[in-house]
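S.K.: Before we start, here is the structure in question, set down as C-alpha coordinates.
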Amino acid sequence: MATTEATLDALNPATGEVLASVPSMSADEVDEVVERAKQAFVDWQDATPKERSELLHKLADVIEDNAEELAQIESRNVGKPIGLAREEMPFAVDNLRFFAGAARNLEGKSAGEYITGYTSLVRREPIGVVAGICPWNYPLMMAVWKMGPALAAGNVQILKPSEQTPLSLLRFAELAADVIPANVLQVVTGDGVPTGQRLVEHPDVGLVSLTGDINTGKLIARNASDTLKRVHLELGGKAPMVIFDDADVDAVAEGIKIAGYANSGQDCTAGSRVIAGPGIYDALLEKLVPAVESIVVGDPADSEDIEMGPVITKEQQDRVLGFLDRAKGATVLTGGEATGERGFFVKPTIVTDVAQTDEIVQNEVFGPVVTVQRFADDDQAIAWANDVRYGLAASVWTRDVGRAMNAARKLKFGAVWVNDHLVPIASEMPHGGYKQSGYGKDMSIYSMEEYTQIKHVVVKID
(Lines give C-alpha, C1' and ligand atoms only; values in the text may rest on other atoms or scores of the structure.)
Protein backbone atom coordinates (compact mmCIF):
# COMPACT_ATOMS: atom_id res chain seq x y z
CA MET A 1 0.00 0.00 0.00
CA ALA A 2 1.45 3.34 -1.06
CA THR A 3 1.82 5.98 1.66
CA THR A 4 3.01 8.80 -0.59
CA GLU A 5 0.86 11.89 -1.06
CA ALA A 6 2.20 12.43 -4.58
CA THR A 7 -0.15 11.31 -7.34
CA LEU A 8 -0.36 10.89 -11.10
CA ASP A 9 -3.47 11.53 -13.18
CA ALA A 10 -4.74 8.79 -15.49
CA LEU A 11 -6.53 10.35 -18.46
CA ASN A 12 -9.13 9.31 -20.95
CA PRO A 13 -7.24 10.01 -24.21
CA ALA A 14 -10.49 10.34 -26.14
CA THR A 15 -11.49 13.38 -24.09
CA GLY A 16 -8.39 14.51 -22.19
CA GLU A 17 -10.36 14.23 -18.95
CA VAL A 18 -8.92 12.82 -15.72
CA LEU A 19 -10.33 9.39 -14.90
CA ALA A 20 -8.51 8.85 -11.60
CA SER A 21 -5.39 9.75 -9.66
CA VAL A 22 -3.01 7.04 -8.50
CA PRO A 23 -0.04 7.10 -6.10
CA SER A 24 3.34 8.13 -7.47
CA MET A 25 5.52 5.90 -5.36
CA SER A 26 8.98 6.85 -4.15
CA ALA A 27 12.14 4.75 -4.25
CA ASP A 28 11.76 4.11 -0.51
CA GLU A 29 8.25 2.77 -1.02
CA VAL A 30 9.51 0.49 -3.77
CA ASP A 31 12.11 -0.81 -1.30
CA GLU A 32 9.30 -1.65 1.11
CA VAL A 33 7.42 -3.53 -1.61
CA VAL A 34 10.53 -5.53 -2.48
CA GLU A 35 11.09 -6.40 1.17
CA ARG A 36 7.53 -7.70 1.46
CA ALA A 37 8.05 -9.71 -1.72
CA LYS A 38 11.25 -11.24 -0.30
CA GLN A 39 9.39 -12.35 2.80
CA ALA A 40 6.54 -13.78 0.73
CA PHE A 41 8.99 -15.78 -1.37
CA VAL A 42 10.17 -17.69 1.72
CA ASP A 43 6.88 -19.58 1.78
CA TRP A 44 5.82 -19.27 -1.87
CA GLN A 45 8.95 -21.03 -3.14
CA ASP A 46 7.72 -24.14 -1.34
CA ALA A 47 4.33 -24.07 -3.03
CA THR A 48 3.81 -27.22 -5.06
CA PRO A 49 3.18 -27.07 -8.80
CA LYS A 50 -0.44 -27.96 -8.03
CA GLU A 51 -0.79 -25.02 -5.65
CA ARG A 52 0.77 -22.61 -8.13
CA SER A 53 -1.50 -23.95 -10.85
CA GLU A 54 -4.57 -23.48 -8.67
CA LEU A 55 -3.64 -19.85 -8.00
CA LEU A 56 -3.30 -19.13 -11.72
CA HIS A 57 -6.69 -20.70 -12.39
CA LYS A 58 -8.19 -18.48 -9.69
CA LEU A 59 -6.61 -15.41 -11.28
CA ALA A 60 -8.06 -16.49 -14.62
CA ASP A 61 -11.46 -16.81 -12.94
CA VAL A 62 -11.17 -13.23 -11.67
CA ILE A 63 -10.70 -11.91 -15.20
CA GLU A 64 -13.39 -14.18 -16.60
CA ASP A 65 -15.91 -13.16 -13.94
CA ASN A 66 -15.17 -9.45 -14.31
CA ALA A 67 -14.34 -9.28 -18.02
CA GLU A 68 -16.83 -6.57 -18.94
CA GLU A 69 -15.79 -4.24 -16.12
CA LEU A 70 -12.10 -4.69 -16.92
CA ALA A 71 -12.71 -4.17 -20.63
CA GLN A 72 -14.64 -0.96 -19.98
CA ILE A 73 -11.82 0.38 -17.80
CA GLU A 74 -9.25 -0.57 -20.42
CA SER A 75 -11.26 1.04 -23.19
CA ARG A 76 -11.58 4.35 -21.34
CA ASN A 77 -8.00 4.54 -20.05
CA VAL A 78 -6.29 3.43 -23.29
CA GLY A 79 -8.83 4.86 -25.71
CA LYS A 80 -9.32 1.61 -27.58
CA PRO A 81 -12.65 0.44 -29.04
CA ILE A 82 -14.65 -1.58 -26.54
CA GLY A 83 -14.80 -4.54 -28.91
CA LEU A 84 -11.01 -4.75 -28.99
CA ALA A 85 -10.81 -4.46 -25.20
CA ARG A 86 -13.37 -7.24 -24.84
CA GLU A 87 -11.41 -9.51 -27.19
CA GLU A 88 -8.34 -9.24 -24.95
CA MET A 89 -10.06 -10.64 -21.88
CA PRO A 90 -10.62 -14.24 -23.08
CA PHE A 91 -7.06 -14.34 -24.36
CA ALA A 92 -5.73 -13.14 -20.99
CA VAL A 93 -7.79 -15.88 -19.33
CA ASP A 94 -6.44 -18.48 -21.74
CA ASN A 95 -2.89 -17.33 -21.12
CA LEU A 96 -3.23 -17.75 -17.35
CA ARG A 97 -4.80 -21.17 -17.80
CA PHE A 98 -1.98 -22.21 -20.12
CA PHE A 99 0.59 -21.34 -17.48
CA ALA A 100 -1.53 -23.03 -14.84
CA GLY A 101 -1.00 -26.21 -16.84
CA ALA A 102 2.64 -25.44 -17.56
CA ALA A 103 3.34 -25.11 -13.83
CA ARG A 104 2.68 -28.84 -13.52
CA ASN A 105 4.63 -29.92 -16.59
CA LEU A 106 8.14 -28.51 -16.37
CA GLU A 107 10.57 -30.73 -18.23
CA GLY A 108 14.32 -31.18 -18.11
CA LYS A 109 17.21 -33.55 -18.63
CA SER A 110 16.60 -36.93 -17.01
CA ALA A 111 18.58 -37.85 -13.88
CA GLY A 112 21.30 -40.42 -14.43
CA GLU A 113 24.90 -41.50 -13.95
CA TYR A 114 26.74 -39.19 -16.33
CA ILE A 115 29.89 -39.65 -14.22
CA THR A 116 30.74 -43.11 -12.87
CA GLY A 117 29.81 -43.35 -9.21
CA TYR A 118 27.61 -40.25 -9.19
CA THR A 119 24.00 -39.50 -9.98
CA SER A 120 23.35 -36.13 -11.58
CA LEU A 121 20.02 -34.40 -11.64
CA VAL A 122 18.88 -30.98 -12.79
CA ARG A 123 16.64 -28.71 -10.75
CA ARG A 124 14.77 -25.88 -12.40
CA GLU A 125 14.22 -23.32 -9.65
CA PRO A 126 12.53 -19.91 -9.41
CA ILE A 127 14.65 -16.78 -9.48
CA GLY A 128 12.91 -15.15 -6.52
CA VAL A 129 11.61 -11.59 -6.74
CA VAL A 130 10.93 -10.60 -10.35
CA ALA A 131 9.68 -7.29 -11.70
CA GLY A 132 7.50 -6.61 -14.73
CA ILE A 133 7.27 -3.17 -16.34
CA CYS A 134 4.17 -3.01 -18.51
CA PRO A 135 3.35 -0.81 -21.53
CA TRP A 136 0.39 1.50 -22.00
CA ASN A 137 -1.08 -0.07 -25.13
CA TYR A 138 -2.17 -3.42 -23.60
CA PRO A 139 -1.82 -2.80 -19.86
CA LEU A 140 -3.71 -5.79 -18.48
CA MET A 141 -2.83 -8.34 -21.16
CA MET A 142 0.89 -7.54 -21.02
CA ALA A 143 0.74 -7.80 -17.22
CA VAL A 144 -0.77 -11.27 -17.64
CA TRP A 145 2.01 -12.24 -20.05
CA LYS A 146 4.46 -11.44 -17.26
CA MET A 147 2.63 -12.76 -14.19
CA GLY A 148 1.65 -16.08 -15.78
CA PRO A 149 5.12 -17.59 -16.26
CA ALA A 150 6.57 -15.78 -13.25
CA LEU A 151 4.08 -17.23 -10.77
CA ALA A 152 3.92 -20.61 -12.50
CA ALA A 153 7.68 -20.97 -12.05
CA GLY A 154 7.43 -20.16 -8.34
CA ASN A 155 8.58 -16.55 -8.31
CA VAL A 156 6.93 -13.63 -6.57
CA GLN A 157 6.03 -10.76 -8.86
CA ILE A 158 6.03 -6.97 -8.67
CA LEU A 159 4.28 -5.28 -11.58
CA LYS A 160 4.56 -1.64 -12.58
CA PRO A 161 1.91 -0.46 -15.05
CA SER A 162 2.56 2.50 -17.30
CA GLU A 163 1.91 5.81 -15.61
CA GLN A 164 -0.55 6.55 -18.44
CA THR A 165 -2.67 3.40 -18.11
CA PRO A 166 -2.59 1.88 -14.61
CA LEU A 167 -6.30 1.48 -14.02
CA SER A 168 -7.19 -1.97 -15.40
CA LEU A 169 -4.26 -3.67 -13.66
CA LEU A 170 -5.02 -1.89 -10.38
CA ARG A 171 -8.66 -2.97 -10.56
CA PHE A 172 -7.62 -6.53 -11.35
CA ALA A 173 -5.34 -6.52 -8.29
CA GLU A 174 -8.24 -5.30 -6.13
CA LEU A 175 -10.54 -8.00 -7.46
CA ALA A 176 -7.89 -10.70 -7.00
CA ALA A 177 -6.75 -9.63 -3.52
CA ASP A 178 -8.67 -12.39 -1.78
CA VAL A 179 -7.12 -15.20 -3.86
CA ILE A 180 -3.47 -14.09 -3.93
CA PRO A 181 -1.25 -15.14 -1.01
CA ALA A 182 0.01 -12.04 0.79
CA ASN A 183 2.56 -10.08 -1.28
CA VAL A 184 3.08 -12.82 -3.87
CA LEU A 185 1.76 -10.41 -6.51
CA GLN A 186 2.09 -6.67 -5.89
CA VAL A 187 1.54 -3.58 -8.04
CA VAL A 188 3.53 -0.35 -7.79
CA THR A 189 2.55 2.86 -9.55
CA GLY A 190 4.57 5.90 -10.51
CA ASP A 191 6.86 7.36 -13.13
CA GLY A 192 9.78 5.58 -14.74
CA VAL A 193 11.98 7.63 -12.41
CA PRO A 194 12.06 6.97 -9.52
CA THR A 195 9.56 4.09 -9.32
CA GLY A 196 10.61 1.97 -12.28
CA GLN A 197 14.28 2.83 -11.93
CA ARG A 198 14.37 1.62 -8.34
CA LEU A 199 12.82 -1.70 -9.34
CA VAL A 200 15.51 -2.13 -11.97
CA GLU A 201 18.38 -1.18 -9.68
CA HIS A 202 17.23 -2.99 -6.55
CA PRO A 203 19.76 -5.70 -5.67
CA ASP A 204 17.07 -8.10 -4.44
CA VAL A 205 15.14 -8.10 -7.73
CA GLY A 206 16.48 -10.99 -9.75
CA LEU A 207 14.87 -10.30 -13.14
CA VAL A 208 13.25 -7.35 -14.87
CA SER A 209 10.89 -7.86 -17.80
CA LEU A 210 10.09 -4.79 -19.88
CA THR A 211 7.71 -4.27 -22.74
CA GLY A 212 8.53 -0.85 -24.13
CA ASP A 213 10.64 1.12 -26.58
CA ILE A 214 14.27 0.54 -27.56
CA ASN A 215 15.73 3.48 -25.66
CA THR A 216 14.00 2.46 -22.43
CA GLY A 217 15.21 -1.10 -22.93
CA LYS A 218 18.80 0.02 -23.36
CA LEU A 219 18.58 2.16 -20.22
CA ILE A 220 17.14 -0.72 -18.21
CA ALA A 221 19.80 -3.12 -19.47
CA ARG A 222 22.52 -0.67 -18.43
CA ASN A 223 21.02 -0.07 -15.00
CA ALA A 224 20.41 -3.77 -14.41
CA SER A 225 24.03 -4.57 -15.22
CA ASP A 226 25.20 -3.11 -11.91
CA THR A 227 23.59 -6.03 -10.08
CA LEU A 228 23.94 -8.50 -12.98
CA LYS A 229 20.22 -9.25 -12.86
CA ARG A 230 18.51 -10.92 -15.75
CA VAL A 231 16.72 -8.71 -18.25
CA HIS A 232 13.86 -9.71 -20.55
CA LEU A 233 13.11 -7.13 -23.24
CA GLU A 234 10.34 -6.78 -25.82
CA LEU A 235 11.15 -3.48 -27.47
CA GLY A 236 8.75 -2.75 -30.24
CA GLY A 237 8.92 -3.20 -33.95
CA LYS A 238 8.55 -1.87 -37.46
CA ALA A 239 6.74 -4.80 -39.00
CA PRO A 240 6.87 -5.24 -42.78
CA MET A 241 4.00 -6.72 -44.75
CA VAL A 242 5.62 -8.16 -47.90
CA ILE A 243 2.98 -8.35 -50.62
CA PHE A 244 3.92 -10.45 -53.64
CA ASP A 245 2.19 -9.95 -56.99
CA ASP A 246 0.14 -13.15 -56.72
CA ALA A 247 -1.47 -12.21 -53.42
CA ASP A 248 -5.24 -11.79 -53.01
CA VAL A 249 -5.53 -8.02 -53.23
CA ASP A 250 -8.88 -7.85 -51.40
CA ALA A 251 -7.57 -9.94 -48.52
CA VAL A 252 -4.42 -7.85 -48.35
CA ALA A 253 -6.32 -4.55 -48.18
CA GLU A 254 -8.52 -5.87 -45.41
CA GLY A 255 -5.49 -7.28 -43.62
CA ILE A 256 -3.68 -3.94 -43.71
CA LYS A 257 -6.79 -2.17 -42.43
CA ILE A 258 -6.60 -4.33 -39.31
CA ALA A 259 -2.84 -4.75 -38.97
CA GLY A 260 -1.94 -1.13 -39.48
CA TYR A 261 -4.71 0.62 -37.57
CA ALA A 262 -5.99 -1.63 -34.78
CA ASN A 263 -5.46 0.04 -31.42
CA SER A 264 -4.65 3.22 -33.38
CA GLY A 265 -1.49 1.56 -34.70
CA GLN A 266 -0.14 1.45 -31.16
CA ASP A 267 1.02 -2.13 -31.37
CA CYS A 268 4.62 -3.32 -31.56
CA THR A 269 3.61 -5.84 -34.24
CA ALA A 270 1.48 -3.38 -36.25
CA GLY A 271 1.87 -3.77 -40.01
CA SER A 272 3.32 -0.32 -40.48
CA ARG A 273 5.45 -0.99 -43.61
CA VAL A 274 3.74 -2.33 -46.72
CA ILE A 275 6.28 -3.53 -49.30
CA ALA A 276 4.35 -4.39 -52.46
CA GLY A 277 5.33 -5.97 -55.75
CA PRO A 278 5.26 -4.01 -59.02
CA GLY A 279 2.33 -5.99 -60.37
CA ILE A 280 0.04 -5.47 -57.39
CA TYR A 281 1.11 -2.05 -56.11
CA ASP A 282 -1.40 0.13 -58.00
CA ALA A 283 -4.33 -2.27 -57.55
CA LEU A 284 -3.56 -2.51 -53.85
CA LEU A 285 -3.61 1.25 -53.36
CA GLU A 286 -6.94 1.44 -55.21
CA LYS A 287 -8.40 -0.96 -52.66
CA LEU A 288 -6.48 0.24 -49.64
CA VAL A 289 -7.28 3.96 -49.67
CA PRO A 290 -11.07 3.55 -49.47
CA ALA A 291 -10.67 0.72 -46.95
CA VAL A 292 -8.64 2.96 -44.66
CA GLU A 293 -10.94 5.93 -45.20
CA SER A 294 -13.86 3.72 -44.12
CA ILE A 295 -12.39 3.23 -40.64
CA VAL A 296 -14.80 4.71 -38.09
CA VAL A 297 -12.77 6.96 -35.78
CA GLY A 298 -14.06 8.43 -32.55
CA ASP A 299 -14.52 8.23 -28.81
CA PRO A 300 -15.09 4.54 -28.01
CA ALA A 301 -17.68 5.59 -25.44
CA ASP A 302 -19.89 7.09 -28.16
CA SER A 303 -20.63 3.88 -30.03
CA GLU A 304 -19.70 0.21 -30.19
CA ASP A 305 -19.25 0.77 -33.94
CA ILE A 306 -16.08 2.81 -33.36
CA GLU A 307 -13.15 1.00 -35.01
CA MET A 308 -10.29 3.30 -33.98
CA GLY A 309 -9.84 5.60 -31.03
CA PRO A 310 -7.19 8.19 -30.15
CA VAL A 311 -3.51 7.80 -29.53
CA ILE A 312 -2.55 7.73 -25.88
CA THR A 313 -1.43 11.31 -25.11
CA LYS A 314 -1.04 14.76 -26.60
CA GLU A 315 2.72 14.09 -26.69
CA GLN A 316 2.16 10.93 -28.72
CA GLN A 317 -0.18 12.78 -31.08
CA ASP A 318 2.49 15.43 -31.64
CA ARG A 319 5.12 12.73 -32.14
CA VAL A 320 3.09 10.96 -34.82
CA LEU A 321 2.33 14.18 -36.65
CA GLY A 322 5.99 15.16 -36.38
CA PHE A 323 6.99 12.10 -38.41
CA LEU A 324 4.60 13.23 -41.14
CA ASP A 325 5.81 16.83 -41.06
CA ARG A 326 9.40 15.67 -41.52
CA ALA A 327 8.60 13.23 -44.35
CA LYS A 328 9.66 15.63 -47.10
CA GLY A 329 8.97 14.36 -50.58
CA ALA A 330 6.49 11.77 -49.39
CA THR A 331 2.89 11.67 -50.57
CA VAL A 332 0.06 11.41 -48.04
CA LEU A 333 -2.73 9.59 -49.86
CA THR A 334 -5.18 9.89 -46.97
CA GLY A 335 -5.13 11.14 -43.41
CA GLY A 336 -2.02 12.87 -42.18
CA GLU A 337 -3.59 15.20 -39.65
CA ALA A 338 -5.22 15.47 -36.26
CA THR A 339 -8.97 15.19 -36.01
CA GLY A 340 -11.71 15.68 -33.43
CA GLU A 341 -12.68 18.60 -31.22
CA ARG A 342 -11.08 17.06 -28.13
CA GLY A 343 -8.84 14.15 -27.27
CA PHE A 344 -5.73 12.98 -29.09
CA PHE A 345 -6.89 11.69 -32.45
CA VAL A 346 -4.89 11.18 -35.65
CA LYS A 347 -6.62 10.28 -38.91
CA PRO A 348 -5.69 6.86 -40.34
CA THR A 349 -2.86 7.67 -42.71
CA ILE A 350 -1.26 6.13 -45.82
CA VAL A 351 2.09 7.48 -47.03
CA THR A 352 3.77 6.64 -50.35
CA ASP A 353 6.84 7.85 -52.26
CA VAL A 354 9.16 7.13 -49.35
CA ALA A 355 12.76 5.96 -49.55
CA GLN A 356 14.09 3.01 -47.60
CA THR A 357 16.38 5.34 -45.66
CA ASP A 358 13.63 7.76 -44.64
CA GLU A 359 12.96 8.22 -40.93
CA ILE A 360 9.32 7.29 -41.35
CA VAL A 361 10.37 3.92 -42.79
CA GLN A 362 13.23 3.24 -40.38
CA ASN A 363 11.75 4.29 -37.02
CA GLU A 364 8.70 3.17 -35.09
CA VAL A 365 5.92 5.77 -35.36
CA PHE A 366 3.52 3.91 -33.04
CA GLY A 367 0.45 5.49 -34.49
CA PRO A 368 -2.06 4.98 -37.32
CA VAL A 369 0.47 5.53 -40.11
CA VAL A 370 1.32 2.98 -42.81
CA THR A 371 3.97 3.51 -45.49
CA VAL A 372 3.69 1.76 -48.87
CA GLN A 373 6.76 0.98 -51.00
CA ARG A 374 7.05 -0.68 -54.41
CA PHE A 375 9.78 -3.32 -54.69
CA ALA A 376 11.39 -4.42 -57.96
CA ASP A 377 12.00 -8.12 -57.24
CA ASP A 378 11.82 -10.71 -54.45
CA ASP A 379 15.37 -10.11 -53.28
CA GLN A 380 14.76 -6.40 -52.87
CA ALA A 381 11.53 -7.09 -50.97
CA ILE A 382 13.31 -9.25 -48.40
CA ALA A 383 16.25 -6.86 -48.19
CA TRP A 384 13.97 -3.88 -47.52
CA ALA A 385 11.95 -5.84 -44.99
CA ASN A 386 15.10 -6.75 -43.04
CA ASP A 387 16.72 -3.33 -43.39
CA VAL A 388 15.57 -1.86 -40.07
CA ARG A 389 16.94 -2.23 -36.55
CA TYR A 390 13.74 -3.91 -35.39
CA GLY A 391 12.96 -7.60 -35.66
CA LEU A 392 9.71 -8.42 -33.88
CA ALA A 393 7.14 -9.42 -36.50
CA ALA A 394 6.56 -9.57 -40.25
CA SER A 395 4.09 -11.03 -42.70
CA VAL A 396 4.21 -12.47 -46.22
CA TRP A 397 1.27 -12.48 -48.61
CA THR A 398 1.33 -14.90 -51.56
CA ARG A 399 -0.47 -17.92 -53.00
CA ASP A 400 2.87 -19.65 -53.63
CA VAL A 401 3.75 -21.88 -50.67
CA GLY A 402 7.38 -22.21 -51.72
CA ARG A 403 7.81 -18.46 -51.99
CA ALA A 404 6.14 -18.03 -48.60
CA MET A 405 8.39 -20.59 -46.90
CA ASN A 406 11.50 -19.08 -48.46
CA ALA A 407 10.52 -15.60 -47.30
CA ALA A 408 9.70 -16.85 -43.80
CA ARG A 409 13.16 -18.40 -43.63
CA LYS A 410 14.94 -15.24 -44.74
CA LEU A 411 13.00 -12.66 -42.73
CA LYS A 412 14.87 -11.77 -39.52
CA PHE A 413 11.89 -11.41 -37.22
CA GLY A 414 10.67 -13.30 -34.17
CA ALA A 415 7.28 -14.01 -35.76
CA VAL A 416 6.35 -14.33 -39.43
CA TRP A 417 2.74 -14.68 -40.51
CA VAL A 418 1.69 -15.94 -43.94
CA ASN A 419 -1.44 -14.39 -45.51
CA ASP A 420 -2.43 -12.74 -42.25
CA HIS A 421 -0.99 -10.26 -39.78
CA LEU A 422 -1.36 -9.29 -36.13
CA VAL A 423 -4.30 -11.46 -35.12
CA PRO A 424 -2.99 -15.07 -35.00
CA ILE A 425 -1.25 -15.47 -31.61
CA ALA A 426 -1.61 -18.40 -29.25
CA SER A 427 -0.61 -18.97 -25.64
CA GLU A 428 1.35 -22.04 -26.71
CA MET A 429 3.53 -20.09 -29.14
CA PRO A 430 6.48 -17.78 -28.24
CA HIS A 431 6.46 -14.04 -28.80
CA GLY A 432 9.70 -12.06 -28.87
CA GLY A 433 12.11 -10.26 -31.11
CA TYR A 434 15.32 -10.38 -33.06
CA LYS A 435 17.88 -7.56 -33.27
CA GLN A 436 16.97 -4.42 -31.32
CA SER A 437 13.44 -5.61 -30.71
CA GLY A 438 14.96 -7.31 -27.70
CA TYR A 439 15.49 -10.78 -26.31
CA GLY A 440 13.51 -13.27 -24.30
CA LYS A 441 10.13 -14.79 -25.06
CA ASP A 442 6.63 -14.09 -23.78
CA MET A 443 3.99 -16.82 -23.76
CA SER A 444 4.72 -20.51 -24.41
CA ILE A 445 6.91 -22.89 -22.44
CA TYR A 446 9.94 -20.90 -23.58
CA SER A 447 8.74 -18.06 -21.35
CA MET A 448 8.81 -20.39 -18.32
CA GLU A 449 12.50 -20.91 -18.99
CA GLU A 450 13.08 -17.15 -18.72
CA TYR A 451 11.75 -17.15 -15.17
CA THR A 452 13.75 -20.10 -13.87
CA GLN A 453 17.37 -20.89 -13.15
CA ILE A 454 19.13 -24.22 -13.51
CA LYS A 455 20.93 -26.08 -10.75
CA HIS A 456 23.03 -29.22 -11.22
CA VAL A 457 22.88 -31.55 -8.20
CA VAL A 458 25.49 -34.34 -7.98
CA VAL A 459 25.08 -37.25 -5.54
CA LYS A 460 27.88 -39.71 -4.81
CA ILE A 461 26.40 -43.19 -4.89
CA ASP A 462 29.33 -45.48 -3.89
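The values are calculated or read from the model by the stated rules, or taken from the named source; none is laboratory data. Values in this document were obtained by computation on a predicted structure and should not be read as measured data. Note: ideal-geometry Cβ built from the backbone for every residue, glycine included; neighbour counts use all protein chains shown. For accessibility, only protein heavy atoms count, side chains too; no ligands or nucleic acids. Shrake-Rupley method; radii C 1.70, N 1.55, O 1.52, S 1.80 Å.
S.K.: Just need the relative contact order of the chain here, percent rounded to a whole number, with Cα pairs under 8 Å and 6+ apart.
M.R.: Numbers: 1042 pairs, mean separation 84.9, N = 462.
That works out to 18 percent.
S.K.: As I understand it, the value is the acute angle between the Cα axis of helix 214-225 and the longest principal axis of the Cα atoms of the chain; what does it come to in degrees, rounded to 10?
M.R.: Approximately 20 degrees, to the nearest 10.
S.K.: What is the Cα centroid distance between region 258-298 and region 1-73, reported in whole angstrom?
M.R.: Region 258-298 and region 1-73 have Cα centres separated by 36 Å.
S.K.: If you don't mind, there's one more thing I want to ask. Could you sort the peptides 144-153, 282-291, 324-333 by per-residue average Cβ neighbour count (10 Å cutoff), highest mean leading?
M.R.: Going by the mean number of other Cβ atoms within 10 Å, highest first, we get 144-153, 282-291, 324-333.
S.K.: Please check which bits of region 276-318 a label hung off Asp9 would reach, taking the label as a point 7 Å along Cα-to-C-beta and the cut-off as backbone N under 14 Å.
M.R.: 313-315, by backbone N distance to the label point.
S.K.: Can you give the helix-only mean residue ellipticity at 222 nm for the chain, where every DSSP H stretch with n ≥ 4 adds -39500 (n - 2.57) and the sum goes over all residues, rounded to the nearest 500 deg cm²/dmol? Could you put the intermediate results ahead of the total?
M.R.: Values: 15 runs with 178 residues, N = 462.
Calculated at 222 nm, the ellipticity per residue is -12000 deg cm²/dmol.
S.K.: Please state the shape class of region 1-99: rounded when a/c is under 1.5, otherwise prolate if a/b exceeds b/c and oblate if not, all from the C-alpha gyration tensor.
M.R.: Judged from the Cα gyration tensor, region 1-99 comes out oblate (a/c at least 1.5, b/c at or above a/b).
S.K.: Quick check: Cα centre of region 330-362 to Cα centre of region 416-438, how many Å?
M.R.: So the two Cα centres are separated by 25 Å.
S.K.: Which FRET efficiency value, to the nearest 0.05, do you get for Asp400 and Lys328 by plugging their Cβ-Cβ distance into 1/(1 + (r/R0)^6) with R0 = 30 Å?
M.R.: Using R0 = 30 Å, I get an efficiency of 0.20.
S.K.: Magnitude of the Cβ-charge dipole of the chain, K/R +1 and D/E -1, about the Cα centre, nearest 20 debye?
M.R.: 1500
S.K.: Ordered by residue, what ³J(HN,Hα) values in Hz, to whole numbers, does region 139-155 give under the Karplus form 6.51 cos²θ - 1.76 cosθ + 1.60, where θ = phi - 60° and Gly and Pro are x?
M.R.: Once rounded to whole Hz, the list reads x, 7, 5, 5, 5, 5, 4, 8, 6, x, x, 4, 6, 4, 7, x, 7.
S.K.: At 37 °C and a viscosity of 0.692 mPa s, what translational diffusion coefficient does Stokes-Einstein give for the chain, taking Rh as the Kirkwood radius over Cα pairs? Give it in µm²/s as a whole number. Let's see the in-between values first.
M.R.: Values: Rh = 23.1 Å.
It comes out at roughly 142 µm²/s.
S.K.: Right, something else. Using a 1.4 Å probe, what is the accessible area per residue for region 243-297, in Å²?
M.R.: 30
S.K.: Can you pick out the pairs among Lys160/Lys229; Lys109/Lys460; Lys287/Lys435; Lys38/Lys229 whose Cα atoms lie more than 23 Å from each other?
M.R.: Lys287/Lys435
S.K.: Have a look at region 271-319 and give its Rg and Dmax from the Cα atoms, expressed in angstrom.
M.R.: Looking at region 271-319, its Cα Rg and Dmax stand at 14.8, 42 Å.
S.K.: May I ask for the angle, rounded to the nearest 10°, between helix 27-44 and the longest principal axis of the chain, with both axes built from Cα atoms and the value confined to 0 to 90°?
M.R.: Between helix and principal axis, roughly 60 degrees.
S.K.: Might you tell me the accessible area per residue for region 53-97, computed with a 1.4 Å probe and given in Å²?
M.R.: With the other protein chains kept in place, region 53-97 gives 35 Å² per residue.
S.K.: To continue, here is another question. Classify region 262-370 from the C-alpha gyration tensor, please: rounded if a/c falls under 1.5, else prolate or oblate depending on whether a/b exceeds b/c. Don't skip to the end; give the middle numbers.
M.R.: Numbers: a/c = 1.99, a/b = 1.35, b/c = 1.48.
Oblate.
S.K.: What is the set of long-range amide H partners of Ser209 at a cut-off below 5 Å, with H atoms built 1.01 Å from backbone N?
M.R.: Counting only residues 5 or more places away or on other chains, the set is Ala131, Gly132, Ile133, His232.
S.K.: Over region 166-274, what relative contact order in percent results from Cα pairs under 8 Å that are six or more residues apart? Can you show the working numbers first?
M.R.: On the way: 101 pairs, mean separation 22.1, N = 109.
20 percent.
S.K.: Say the dipole of region 351-462 comes from +1 at the beta carbon of Lys and Arg and -1 at that of Asp and Glu; which of Ile360, Ala383, Gln436 then lies farthest toward its positive end?
M.R.: Among Ile360, Ala383, Gln436, the one farthest towards the positive end of the dipole of region 351-462 is Gln436.
S.K.: Separate question: Quick one: pull the percent of accessible area on the chain belonging to carbon and sulfur, 1.4 Å probe, ligands and nucleic acids left out.
M.R.: Whole-percent figure for carbon plus sulfur exposure: 50.
S.K.: Now for a separate question. Add +1 for every Lys or Arg and -1 for every Asp or Glu among the other residues with Cβ under 13 Å from the Cβ of Pro290, and state the total.
M.R.: -2
S.K.: May I pose another question? Using the heavy atoms of the protein chains alone and a 1.4 angstrom probe, what is the accessible area of region 162-202 per residue in square angstrom?
M.R.: Details: 1500 Å² over 41 residues.
In whole numbers, region 162-202 has 37 Å² accessible per residue.
S.K.: Using alpha carbons only, how many degrees (0 to 90, rounded to 10) separate the axis of helix 281-293 from the longest principal axis of the chain?
M.R.: Orientation of helix 281-293: about 70 degrees from the principal axis.
S.K.: OK, next. With +1 on the Cβ of every Lys and Arg and -1 on the Cβ of every Asp and Glu, and nothing else charged, how large is the dipole of region 1-138 about its Cα centre, in debye rounded to the nearest 20? Intermediate values should be presented prior to the final figure.
M.R.: Working: 13 positive and 24 negative charges, 132 e Å.
In debye, rounded to 20, region 1-138 gives about 640.
S.K.: Sequence gap at least 6, Cα distance under 8 Å: using those rules, report the relative contact order of region 288-426 to the nearest whole percent.
M.R.: Computed over region 288-426, the figure is 15 percent.
S.K.: Which of the three applies to region 376-433, rounded, prolate or oblate, going by the alpha-carbon gyration tensor with a ≥ b ≥ c and a/c under 1.5 meaning rounded? Write out the running numbers ahead of the final one.
M.R.: Values: a/c = 2.30, a/b = 1.32, b/c = 1.75.
Oblate is the answer for region 376-433, as a/c is 1.5 or above yet b/c matches or exceeds a/b.
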